[in-house]
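This report concerns only the one structure given below.
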Amino acid sequence: MNGARANLVAKPVGAWRRWAVFGVLGLGVTVVLGRAFQLQVLQRDFLVQEGDKRHIRTLVIPGHRGDIRDRRGEPLALSAPVEMIWAVPAALLESPQHVYAVAKLLNKNPRELDKFLRDREDRKFVYISDPISPADAQRVLALKAPGVFSEPSYARYYPAGEVAAQVVGFCGRDGQGLEGLERAQEAALAGKAGSRRVIRDRAGRVVEDNLESRDAQAGRDLALTLDLRIQYLAYRELKAAVAKNNARGGLVVVADSSTGEILAMASSPGFNPNNMEDRKGGGERNRAITDSFEPGSTVKPVLIAQALSLGLYQPTSHVDTTPGFLKVGSLTVHDVHPQGDIDLATVLSKSSNVGAAKIGLSLGAEAVWSGYQHFGFGEPVYSGFPGEASPVLRHFSEWGQIATATASYGYGLSLNALHLVRAYSALANDGLMPHLHLLEGASPVPPQRAVSANIASEVRQLMEGVVAKGGTAERAAIPGYRVAGKTGTIRKISGEGGYAENKHQSVFIGMLPAEHPRLVGLVMIDEPAAGDYYGGLVAAPVFSTVMQGAARLLRIPPGSEKLPATPLPALPSTQTVALPLAEPRT
Amino acid sequence: MRSLRSLVEGRGGLLLPLALALAVVVSALAVVRTKHENRALVNDLDRLRAERERLDMEWSQLQLEEATLSHHARVEKIAREQLGMTEPRDYAVVSSKP
């Protein structure tokens, strides 16, 4: 027992063993701490970065481009999603049967696609399709071909096609506006893409997204004052008239005379903005705004308004135009038919150049010039459309007798179509000249007084003779409505200087209903070559069809005196109301 | 005397850490739960965003389709050719107003 106890007594152990254990433990601690130090301190940035790379993703939030719509909300330009198929060539080439299937779905020749991919085998990213619809892209992806992916993007579509093509314009491949309002309103339409950083788990689900983010800003939608129904009507009739008269082109503008809203602005030749190839034919020019021309006889009502407001003439005044021509210095002014001693209504209805020149000369250069200035012939229209043609109206101090005479019947100055529409809107709107605009809700510019209300209404009465029987534009008449207007048959300046014998612009501009006009319309056919070239024969019929349609669409009631005399049985009232968006007259 | 103090101290010294440890465990579980819920909700949000994006796309495609189908040229062609319609050039507007 004693011996056993003695056995149990531990022998003193050498101190080295303790130290050895401590040493091993210490070494372990040092290694662990050292590794921790290395990871936590020395390699921290690198590792955090690597971790983020595997879990944190920056997602792009698309900022859509705004739509363009007409006044009734019909789309004129829309962005719609498309997909672009791309591939990693080396990966796809490894399974030839997939190359074949993908090529079939993309409507490509499999051999060509194979060669296309082989040529680019060392690349990591190759587009193998044009933009295609998401449904088609899904079909391609469903093949599960190796190395084939799809990238969503946006394409711009123009549902109205060529009908409103020049006004709306178009965007390039990168989505930037290149022409028309797409270009003018780029800042408003363009959306700004945002981004957000998220943490994703292994399955690719977003699990945390309260990291930094930048909100996307969608582009603003643009509402135009155009009415697509009238626009279509105008474009259809214009296209038909241009084809019928074998003309170089033409334009139609319809505006609301009291608000200055442009309801239709068609221009021919046109182009299809959905077709990239079609965009370079010259049809993309919006002739109503970018082209200027000499207004010719269409300025005569403006001249007469000035003559009346100066009190030098009365609506009943007579002008002696015998013998049908007038010599002013070296210039001889001709009438097509000698008219003799005529009143102002006949000066307009027969479009007498001699009468207009005599009136202009008796007013003097300064009075004619200031009359034109009042009607805005000297200042831009500020329509907000790119490439607007500036008017050319020289100062009266540079005018001699000849310039005064020619200016009186509309030569020696140049305007774009909107200038004429604006001036006639002033006559239509009781002397108040509105600001013409294309964008709904554009900052309202107060109308300018061009002439007194009395005189505007007197000139309108005089202009009704143009459309009446015996006037130059019987064909502009619209059954049921009183129409006031004026023809213009303008000789174009030829390339060699001077006026070309057989190149004309046929114009008709008018308003309806004449007693209280709501609409002003202008039709211009450029170089009709099928025989007729008088404004009353070429342009007036287009005016009549377009304006009749517009009046019906806008429910403008016909003049009272032409309503059927016999009372018809009472029917449910067809409401004949004002233009919904018309502002009260000021 | 000494044993009493140690007892009190012992009890106090034991209760407080125990309670705190329990609280830590409970709050840790709560954190786990909240975090999980957060992730589930974020995931939902993301799914809904994708859904909204998809619906937006569908909407613009449908608008496009509608505009193409209701294009005036198409409607006119059908009205004139298939349905044999014309527009009357002369017509009377009957108004109940005097």
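The values are calculated or read from the model by the stated rules, or taken from the named source; none is laboratory data. Please read these numbers as outputs of a predicted model, since none were measured by experiment. Ideal geometry is used to build each Cβ from the backbone, glycine not excepted, and the neighbour counts take in all protein chains shown.
Set side by side, the residues A:Ala164, A:Ala188, A:Ala145 differ, and just one is assigned to a helix (DSSP H, G or I) and surrounded by 18 or more Cβ atoms within 10 Å (Cβ to Cβ), which is A:Ala164.
Does A:Tyr127 count as more than 14 Å from chain B (Cβ to nearest Cβ) and of a type outside the set (A, V, I, L, M)? Yes; evaluated as a whole, the condition is true for this residue.
Yes/no matrix, rows are residues, columns are (1) in contact with a Ser or Thr (Cβ under 7 Å, 6 or more places away or on another chain); (2) over 22 Å from A:Ala288 (Cβ atoms); (3) away from every other protein chain (no Cβ under 13 Å):
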residue	(1), (2), (3)
A:Lys192	no, yes, yes
A:Val198	no, yes, no
A:Ala203	no, yes, no
A:Val207	no, yes, no
A:Asp215	no, yes, no
A:Ala218	no, yes, no
A:Leu222	no, no, yes
A:Thr225	no, no, yes
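Among the strands (runs of 3 or more DSSP E) confined to the range A:311-392, there are none with at least 1 residues that are assigned by TED's automatic domain parsing to the domain that holds A:Ala184. Criterion first (under 16 Å from A:Val148 (Cα atoms), of a type in the set (D, E, K, R) and within 14 Å of chain B (Cβ to nearest Cβ)) does A:Asp67 satisfy it? So A:Asp67 does not fit the description; no.
For beta carbons closer than 7 Å, sequence separation of 6+ or different chains, a first residue in the range A:469-494 that is on the phi > 0 side of the Ramachandran plot and a second that is among the hydroxyl-bearing types (Ser, Thr, Tyr), the qualifying pairs are A:Gly470/A:Ser349. For the range A:86-96, the count of residues that are in the same structural domain as A:Pro152 (by TED's automatic domain parsing) and in a strand (DSSP E or B) is at least one.
Kindly indicate the residue of the range A:127-140 that is touching a Leu at 6+ places or on another chain (Cβ under 7 Å) and not in a loop (DSSP other than H, G, I, E, B) and also surrounded by the most Cβ atoms within 10 Å (Cβ to Cβ) among those meeting that condition. Filtering first and then ranking leaves A:Val140.
Taking (1) within 17 Å of the chain's Cα centre (by Cα); (2) facing another protein chain (nearest Cβ under 10 Å); (3) within 19 Å of B:Glu53 (Cα to Cα) in turn, A:Arg229 satisfies each apart from (3). Looking across the range A:462-496, the residues that are under 21 Å from A:Pro558 (Cβ atoms), assigned to a helix (DSSP H, G or I) and touching a helix residue (DSSP H, G or I) at 6+ places or on another chain (Cβ under 8 Å) come down to A:Met463, A:Gly465, A:Val466, A:Val467, A:Glu474, A:Arg475, A:Ala476.
Residues are listed down the side, and each one gets a yes or a no for (1) surrounded by fewer than 18 Cβ atoms within 10 Å (Cβ to Cβ); (2) touching a residue at least 12 places away in the same chain (Cβ under 8 Å); (3) touching an Asp or Glu at 6+ places or on another chain (Cβ under 6 Å):
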{"position": "A:Val198", "(1), (2), (3)": "no, yes, yes"}
{"position": "A:Arg205", "(1), (2), (3)": "yes, no, no"}
{"position": "A:Ala216", "(1), (2), (3)": "yes, yes, no"}
{"position": "A:Leu222", "(1), (2), (3)": "no, yes, no"}
{"position": "A:Gln231", "(1), (2), (3)": "no, yes, no"}
{"position": "A:Val242", "(1), (2), (3)": "no, yes, no"}
{"position": "A:Met265", "(1), (2), (3)": "no, yes, no"}
{"position": "A:Ser268", "(1), (2), (3)": "no, yes, no"}
